[in-house]
1. VAL61 passes all but one of (1) within 24 Å of GLU165 (Cβ to Cβ); (2) surrounded by fewer than 17 Cβ atoms within 10 Å (Cβ to Cβ); which number fails?
2. List pairs: first in the range 61-86 and farther than 25 Å from ARG98 by Cβ, second among the aromatic types (Phe, Trp, Tyr), Cβ under 8 Å, 6+ apart or cross-chain?
3. How about the range 110-141: which of its residues are within 23 Å of VAL37 (Cβ to Cβ) and either among the basic types (Lys, Arg) or over 18 Å from the mean Cα position of the chain (by Cα) (or both)?
4. Inspect the range 79-93 for any residue being of a type outside the set (Lys, Arg), open to solvent by 30 Å² or more (accessible area, probe 1.4 Å) and modelled with pLDDT of 90 or more and give the result as yes or no.
5. Can you confirm whether the range 35-44 contains a residue that is touching a strand residue (DSSP E or B) at 6+ places or on another chain (Cβ under 9 Å), hydroxyl-bearing (Ser, Thr, Tyr), more than 24 Å from GLN164 (Cβ to Cβ) and open to solvent by 30 Å² or more (accessible area, probe 1.4 Å)?
6. Just need a number here: residues in the range 51-63 that are more than 14 Å from VAL104 (Cα to Cα) and either assigned to a strand (DSSP E or B) or touching a strand residue (DSSP E or B) at 6+ places or on another chain (Cβ under 7 Å) (or both).
7. How many residues does the range 102-131 hold that are surrounded by fewer than 12 Cβ atoms within 10 Å (Cβ to Cβ) and not in a strand (DSSP E or B)?
8. Keeping to the range 107-124, report how many residues are free of Cβ contacts under 8 Å to residues at least 12 places away in the same chain and of a type in the set (A, V, I, L, M, F, W, C).
Amino acid sequence: EQVRGDSFLSQALAAGQQVMDNMESGHQQEIVPFVLVSFSMPNSQIKSLIEEAHGIGASVVIRGLVENDFPATVAAMQKLAEEGKGGGMAIDPTLFARFGIDAVPAFVLPLEPLEPCDNLGCPQAEAVVAKGSATLRYFLELAERTGSTDEVKSLASSWLAKYQE
(Lines give C-alpha, C1' and ligand atoms only; values in the text may rest on other atoms or scores of the structure.)
Protein backbone atom coordinates (compact mmCIF):
# COMPACT_ATOMS: atom_id res chain seq x y z
CA GLU A 1 0.00 0.00 0.00
CA GLN A 2 2.82 2.41 0.82
CA VAL A 3 4.59 1.72 -2.46
CA ARG A 4 1.53 1.99 -4.70
CA GLY A 5 -0.67 4.24 -2.61
CA ASP A 6 -3.45 1.91 -3.68
CA SER A 7 -5.55 0.64 -0.78
CA PHE A 8 -7.67 -1.51 -3.10
CA LEU A 9 -4.73 -3.58 -4.27
CA SER A 10 -3.61 -4.01 -0.67
CA GLN A 11 -7.09 -5.24 0.31
CA ALA A 12 -7.26 -7.63 -2.63
CA LEU A 13 -3.82 -9.04 -1.89
CA ALA A 14 -4.69 -9.36 1.80
CA ALA A 15 -7.88 -11.28 0.93
CA GLY A 16 -5.92 -13.69 -1.24
CA GLN A 17 -3.19 -14.00 1.38
CA GLN A 18 -5.79 -14.79 4.06
CA VAL A 19 -7.06 -17.71 1.97
CA MET A 20 -3.50 -18.98 1.41
CA ASP A 21 -2.51 -18.51 5.07
CA ASN A 22 -5.59 -20.41 6.18
CA MET A 23 -4.62 -23.34 3.95
CA GLU A 24 -0.86 -23.36 4.50
CA SER A 25 -0.36 -22.70 8.20
CA GLY A 26 1.10 -25.63 10.08
CA HIS A 27 -1.10 -25.15 13.14
CA GLN A 28 -4.83 -25.57 13.70
CA GLN A 29 -6.49 -23.17 11.31
CA GLU A 30 -9.60 -21.15 11.81
CA ILE A 31 -12.30 -22.40 9.51
CA VAL A 32 -13.42 -19.48 7.37
CA PRO A 33 -16.66 -19.28 5.37
CA PHE A 34 -16.36 -18.49 1.67
CA VAL A 35 -18.71 -16.53 -0.53
CA LEU A 36 -18.15 -17.52 -4.15
CA VAL A 37 -19.16 -14.89 -6.69
CA SER A 38 -18.77 -13.96 -10.35
CA PHE A 39 -18.62 -10.71 -12.26
CA SER A 40 -21.72 -11.96 -14.10
CA MET A 41 -23.63 -10.99 -10.94
CA PRO A 42 -24.89 -7.42 -10.45
CA ASN A 43 -22.16 -5.20 -9.01
CA SER A 44 -24.46 -4.09 -6.21
CA GLN A 45 -24.90 -7.69 -5.08
CA ILE A 46 -21.17 -8.43 -5.21
CA LYS A 47 -20.40 -5.22 -3.33
CA SER A 48 -22.92 -6.06 -0.63
CA LEU A 49 -21.52 -9.58 -0.19
CA ILE A 50 -17.95 -8.24 -0.01
CA GLU A 51 -18.89 -5.73 2.68
CA GLU A 52 -20.79 -8.33 4.69
CA ALA A 53 -18.01 -10.92 4.46
CA HIS A 54 -15.35 -8.35 5.32
CA GLY A 55 -17.31 -7.34 8.42
CA ILE A 56 -17.02 -10.81 9.96
CA GLY A 57 -13.72 -11.98 8.47
CA ALA A 58 -15.10 -14.32 5.80
CA SER A 59 -13.57 -14.55 2.32
CA VAL A 60 -15.08 -13.61 -1.04
CA VAL A 61 -13.68 -15.52 -3.99
CA ILE A 62 -14.07 -15.33 -7.76
CA ARG A 63 -13.28 -18.23 -10.09
CA GLY A 64 -10.99 -16.54 -12.59
CA LEU A 65 -10.19 -13.53 -14.69
CA VAL A 66 -12.50 -11.14 -16.48
CA GLU A 67 -12.11 -11.84 -20.21
CA ASN A 68 -8.96 -13.86 -19.35
CA ASP A 69 -7.25 -10.53 -18.63
CA PHE A 70 -5.56 -9.81 -15.30
CA PRO A 71 -5.52 -5.98 -15.69
CA ALA A 72 -9.23 -6.04 -16.61
CA THR A 73 -9.93 -8.18 -13.54
CA VAL A 74 -7.99 -5.82 -11.26
CA ALA A 75 -9.86 -2.87 -12.77
CA ALA A 76 -13.23 -4.55 -12.14
CA MET A 77 -12.24 -5.42 -8.57
CA GLN A 78 -10.96 -1.89 -7.98
CA LYS A 79 -14.20 -0.37 -9.23
CA LEU A 80 -16.14 -2.46 -6.72
CA ALA A 81 -13.76 -1.50 -3.92
CA GLU A 82 -14.02 2.21 -4.70
CA GLU A 83 -17.80 2.02 -4.59
CA GLY A 84 -17.87 -0.16 -1.47
CA LYS A 85 -17.11 0.20 2.20
CA GLY A 86 -14.18 -2.16 2.54
CA GLY A 87 -13.16 -5.68 1.84
CA GLY A 88 -11.43 -7.49 -0.95
CA MET A 89 -11.68 -10.55 -3.12
CA ALA A 90 -9.45 -13.48 -3.91
CA ILE A 91 -9.18 -15.40 -7.18
CA ASP A 92 -9.20 -19.16 -6.67
CA PRO A 93 -10.78 -21.52 -9.20
CA THR A 94 -9.86 -24.51 -7.03
CA LEU A 95 -12.50 -23.61 -4.43
CA PHE A 96 -15.21 -23.77 -7.09
CA ALA A 97 -13.98 -27.20 -8.18
CA ARG A 98 -13.52 -28.56 -4.63
CA PHE A 99 -17.08 -27.81 -3.66
CA GLY A 100 -18.78 -28.42 -7.01
CA ILE A 101 -19.87 -24.80 -7.45
CA ASP A 102 -21.46 -24.22 -10.84
CA ALA A 103 -23.79 -21.34 -9.93
CA VAL A 104 -23.23 -18.15 -7.95
CA PRO A 105 -23.54 -16.74 -5.47
CA ALA A 106 -22.61 -19.77 -3.43
CA PHE A 107 -21.80 -20.04 0.25
CA VAL A 108 -19.40 -22.57 1.75
CA LEU A 109 -18.82 -23.28 5.42
CA PRO A 110 -15.93 -25.78 5.60
CA LEU A 111 -16.16 -28.18 8.52
CA GLU A 112 -12.43 -28.84 8.51
CA PRO A 113 -9.35 -26.87 7.49
CA LEU A 114 -8.64 -26.85 3.77
CA GLU A 115 -5.48 -28.57 2.63
CA PRO A 116 -3.39 -26.95 -0.12
CA CYS A 117 -3.63 -28.34 -3.63
CA ASP A 118 -0.73 -30.35 -5.03
CA ASN A 119 0.20 -32.02 -8.31
CA LEU A 120 -2.47 -34.66 -7.73
CA GLY A 121 -5.28 -32.14 -7.25
CA CYS A 122 -7.08 -30.49 -4.38
CA PRO A 123 -8.09 -32.55 -1.35
CA GLN A 124 -11.81 -32.51 -0.67
CA ALA A 125 -13.04 -31.05 2.59
CA GLU A 126 -16.35 -31.69 4.27
CA ALA A 127 -18.50 -28.56 4.12
CA VAL A 128 -21.97 -27.10 4.17
CA VAL A 129 -22.73 -25.59 0.75
CA ALA A 130 -25.66 -23.50 -0.47
CA LYS A 131 -26.29 -21.72 -3.75
CA GLY A 132 -28.64 -18.88 -4.53
CA SER A 133 -29.29 -15.21 -3.97
CA ALA A 134 -29.07 -14.69 -0.25
CA THR A 135 -26.85 -13.04 2.29
CA LEU A 136 -24.00 -14.67 4.14
CA ARG A 137 -25.91 -14.10 7.36
CA TYR A 138 -28.96 -15.95 6.01
CA PHE A 139 -26.75 -18.88 4.99
CA LEU A 140 -25.17 -19.05 8.45
CA GLU A 141 -28.58 -18.76 10.15
CA LEU A 142 -29.88 -21.58 7.97
CA ALA A 143 -26.85 -23.76 8.83
CA GLU A 144 -27.36 -22.98 12.52
CA ARG A 145 -31.06 -23.93 12.42
CA THR A 146 -30.95 -26.92 10.13
CA GLY A 147 -27.37 -28.21 10.37
CA SER A 148 -27.04 -31.97 10.23
CA THR A 149 -24.78 -32.13 13.29
CA ASP A 150 -24.10 -30.18 16.44
CA GLU A 151 -20.69 -29.32 14.97
CA VAL A 152 -22.34 -27.58 11.99
CA LYS A 153 -24.76 -25.70 14.23
CA SER A 154 -21.99 -24.64 16.62
CA LEU A 155 -19.66 -23.47 13.85
CA ALA A 156 -22.42 -21.46 12.19
CA SER A 157 -23.38 -19.98 15.55
CA SER A 158 -19.80 -18.89 16.23
CA TRP A 159 -19.67 -17.07 12.89
CA LEU A 160 -23.06 -15.47 13.51
CA ALA A 161 -21.72 -14.12 16.81
CA LYS A 162 -19.17 -12.08 14.80
CA TYR A 163 -22.04 -9.93 13.54
CA GLN A 164 -22.44 -8.67 17.11
CA GLU A 165 -18.75 -7.79 17.56
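1. For VAL61, the exception is condition (2).
2. GLN78/PHE8; ALA81/PHE8; GLU82/PHE8
3. LYS131, ARG137
4. If we filter the range 79-93 for residues that are of a type outside the set (Lys, Arg), which is where we start, we get 80-84, 86-93.
Now restrict to residues that are open to solvent by 30 Å² or more (accessible area, probe 1.4 Å): 82-83, 91, 93.
Still in the list and also modelled with pLDDT of 90 or more: 91, 93.
Within the range 79-93 (the criterion being of a type outside the set (Lys, Arg), open to solvent by 30 Å² or more (accessible area, probe 1.4 Å) and modelled with pLDDT of 90 or more), the answer is yes, since at least one residue qualifies.
5. Here is the first cut: in the range 35-44, the residues touching a strand residue (DSSP E or B) at 6+ places or on another chain (Cβ under 9 Å) are 35-39.
So of that shortlist, the ones also hydroxyl-bearing (Ser, Thr, Tyr) come out as 38.
Checking the rest, the ones that are also more than 24 Å from GLN164 (Cβ to Cβ) come to 38.
Checking which are open to solvent by 30 Å² or more (accessible area, probe 1.4 Å) leaves us with 38.
Yes: one or more hits.
6. Filtering the range 51-63 for residues more than 14 Å from VAL104 (Cα to Cα) gives 51-59.
Now narrow it down to the ones that are either assigned to a strand (DSSP E or B) or touching a strand residue (DSSP E or B) at 6+ places or on another chain (Cβ under 7 Å) (or both): 53, 58-59.
Number satisfying all stated conditions: 3.
7. In the first step, residues of the range 102-131 are kept if they are surrounded by fewer than 12 Cβ atoms within 10 Å (Cβ to Cβ); the result is 102-103, 116, 118-121, 126.
Now drop any that are not not in a strand (DSSP E or B), which leaves 102-103, 116, 119-120, 126.
Looking only at that region, the number is 6.
8. Residues meeting the conditions: 1.
The values are calculated or read from the model by the stated rules, or taken from the named source; none is laboratory data. Source: prediction; values computed, not measured. Glycine also receives a Cβ, built like all others from the backbone with ideal geometry; neighbour counts cover every protein chain displayed. Heavy atoms of the whole protein, side chains included, go into the accessibility calculation; ligands, DNA and RNA do not. Shrake-Rupley method; radii C 1.70, N 1.55, O 1.52, S 1.80 Å.
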